[in-house]
Amino acid sequence: MKLTRLVCPFLCLLLLSGCQRESLTENKDPKREVGVTRQDLNYKGTYLESISYPDLDIKKMDDAIQKTIKKYHDKFVKDVRNYKEERKAEFNIGYESYLKSNRYVSVKLTIYQSIYQQNEYIETFVYDRDKDSLVTLYDIFDEDKITQLADKVTSYFKERFPDECNTNRFRSFTSPVEENYNRFVLKKDRIVFYFPQGTLFDESATYESGYQDLEDAVSLENESVPTYVPYEDILNEPVKNIDPKKPMVALTFDDGPSKRYTAAILDALKEYNASATFFVLGSNANNAPELLQRMVLEGNEIGNHTFSHKQLTTLSKENIEEEIVATQESIYDITHKYPNVIRPPYGSKNDTVMECAKGKKLVTWTLDTRDWHDRNAKVIVERVLKEVKDGDIILMHDLYASTAQAASILIPKLQEEGYQLVTVSDLYTYHPKYQK
Ligand code: ZN
């Protein structure tokens, strides 16, 4: 709403001057301000992949982003060809997107791959809507200014990590040349530079600066940053009547919420007075707060499916905790409830993952619909009706039209067959199978 008001007077001026700009899809998510999220999940023989990137509807940006993803992906597929370890290799891309002054669109891709080692790469894209061109460092900094920037970055890190900065690597990667500083995004009030893993330090690092602190290096002015509006407390959740003596199953939907398909699944659940559990990604949650609130208000359960859908068993304990905690907090911010159940991506868990779950239940599944593979409602419905038994936890993904369609058929069918459709937590509470 607010945006329409902001944009309108400019739009009129633009139309008058004969220059027309495409409208952007803007979001409330503070880390994904623009673009529609495209997600792709694949389970191959020896590796897993999860790729999220924005569709901006800006040809130059979308082409550049997709070309970069393809480059990394092709290389990964080549590198993983002879991999035969039991632990699956992994390819993961996540993104952030920012809009400044309704003019500059920035995207940061984080590319993570795990074959024998874990590697993380960062790529950024900045686009000027007025000029219809991608922005390079030289468009906003001249050579002198890059030297000033390099000085600032060097002293910033030296103050904080004096011991780690005394290396040739640090000196070389802070020297004032373009390629050391060409990974950046323009946020509303500041510019952020990224230094990937293995450049300045073993771990990746960032340097942020308000535009005014760069001594007019950039003719970009700070904008006021909108605060993320907290949502009202959620009250009046429906009372459920679950009969522990009757059969019950739990439908579960992973990897969402999806702005395209989740609402249709919620509609079907509501129509038949059924409940389900949605294992959402922290990275998607902020983008669709209204869907999360609806889930809770209509008696469904929200589970934690981690922030960025990495295979937890390949991460350090610290990183596993980050994945879980960030998601718990995102969900809490929106719904005022912490999830009680966690589903590790790909169902992959070990002792460290269990430890990091800190008493929350780690939930996998007992019936895999393989909806990500078949993308056909009829096949999915038939598979579930053939295999389903009392106490099942049924795995689906609210990422596909076929899954939404299958859910709307399955919900009444399963009820006709006598199953109560309950959340995972209710299944654990009421089903004799889980009472130990
Ligand atoms: Zn998943």
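The values are calculated or read from the model by the stated rules, or taken from the named source; none is laboratory data. None of these values were measured; they are calculated from a predicted model. Glycine gets a Cβ as well: all are built from the backbone with ideal geometry, and neighbour counts include every protein chain shown. Please note that ligands, DNA and RNA were not included when accessible areas were found on the heavy atoms of the full protein model with its side chains. Shrake-Rupley method; radii C 1.70, N 1.55, O 1.52, S 1.80 Å.
Some observations on this one:
- Counting only DSSP H runs of at least 4 residues, each contributing -39500 (n - 2.57), and dividing by the residue count of the chain, the helix-based mean residue ellipticity at 222 nm comes to -10500 deg cm²/dmol.
- Accessible area per residue for the chain is 50 Å², calculated with a 1.4 Å probe on protein heavy atoms, without ligands, DNA or RNA.
- For the peptides 372-378, 27-33, 131-137, residues were scored by their other Cβ atoms within 10 Å and the scores averaged per peptide; the highest-first order is 27-33, 372-378, 131-137.
- Subset of LYS70/LYS259; LYS270/LYS337; LYS67/LYS310; LYS60/LYS88 violating a 27 Å alpha-carbon distance limit: LYS60/LYS88
- Percent of C-alpha pairs per 10 Å bin in region 363-412, short distances first: 28, 60, 12.
- Ordering of 408-417, 70-79 by packing is 408-417, 70-79, highest average first (other Cβ atoms within 10 Å, averaged per residue).
- Of the DSSP H helices in the chain, those whose Cα atoms cover at least 20 Å axially and whose Kyte score averages 1.6 or more: 2-16
- Dividing the mean sequence gap of close Cα pairs (under 8 Å, 6+ apart) by how many residues the chain holds gives a relative contact order of 12 percent.
- Calculated FRET efficiency, GLN435 to ASN241, Cβ-Cβ distance, R0 = 22 Å: about 0.70 to the nearest 0.05.
- The base-10 log of I(q)/I(0) for region 34-146, evaluated at q = 0.23 Å⁻¹, reads -1.23 [Debye formula, identical scatterers on Cα atoms, solvent excluded].
- Accessible surface of the chain [probe 1.4 Å, protein heavy atoms]: carbon and sulfur percent: 49 percent
- The chain: antiparallel DSSP beta bridges as a percent of all, rounded to 5: 65 percent
- The C-alpha radius of gyration of region 267-309, expressed as a fraction of 2.2 N^0.38 Å, stands at 1.17.
- Radius of gyration, Dmax [region 285-374; alpha carbons; angstrom]: 13.4, 37
- Our Cα-only numbers for region 389-436 put the radius of gyration and Dmax at 12.2, 38 Å.
- √(5λ) per eigenvalue of the Cα gyration tensor, region 148-198, largest first, Å: 19, 13, 10
- Net dipole in debye of region 49-147 [+1 Lys, Arg Cβ; -1 Asp, Glu Cβ; about Cα centre; nearest 20]: 320 debye
- In region 338-398, Cα pairs under 8 Å separated by at least six residues give a relative contact order of 35 percent.
- Fully extended contour minus Cα-Cα distance, from LYS31 to LYS378, at 0.36 nm per residue: 121.2 nm
- Taking one quarter of the surface of the convex hull spanned by the alpha-carbon atoms of region 230-363 gives a direction-averaged projected area of 8.6 nm².
- Computed log₁₀ I(q)/I(0) - Debye formula, equal Cα scatterers, no solvent, region 101-204, q 0.14 Å⁻¹: -0.62
- A convex hull fitted around the alpha carbon atoms of region 350-391 yields 101 Å³ per residue.
- Pairs of alpha carbons in region 64-117 whose separation is greater than 15 Å (percent): 56 percent
- Debye intensity ratio I(q)/I(0), log10, the chain, q values 0.06, 0.08, 0.10, 0.14 Å⁻¹ (C-alpha model): -0.30, -0.52, -0.79, -1.36
- Extension gain for the segment ASN350 to ASP63, taken as residue separation times 0.36 nm less the Cα-Cα distance, is 99.4 nm to one decimal.
- Using the Stokes-Einstein relation with a Kirkwood hydrodynamic radius computed over Cα pairs, the translational diffusion coefficient of region 27-69 at 4 °C and a viscosity of 1.567 mPa s comes to 110 µm²/s.
- Peptide ranges 351-360, 57-66, 278-287 listed from the most packed, as the mean C-beta count within 10 angstrom indicates: 278-287, 57-66, 351-360
- All Cα pairs of region 306-436, percent lying beyond 24 Å: 40 percent
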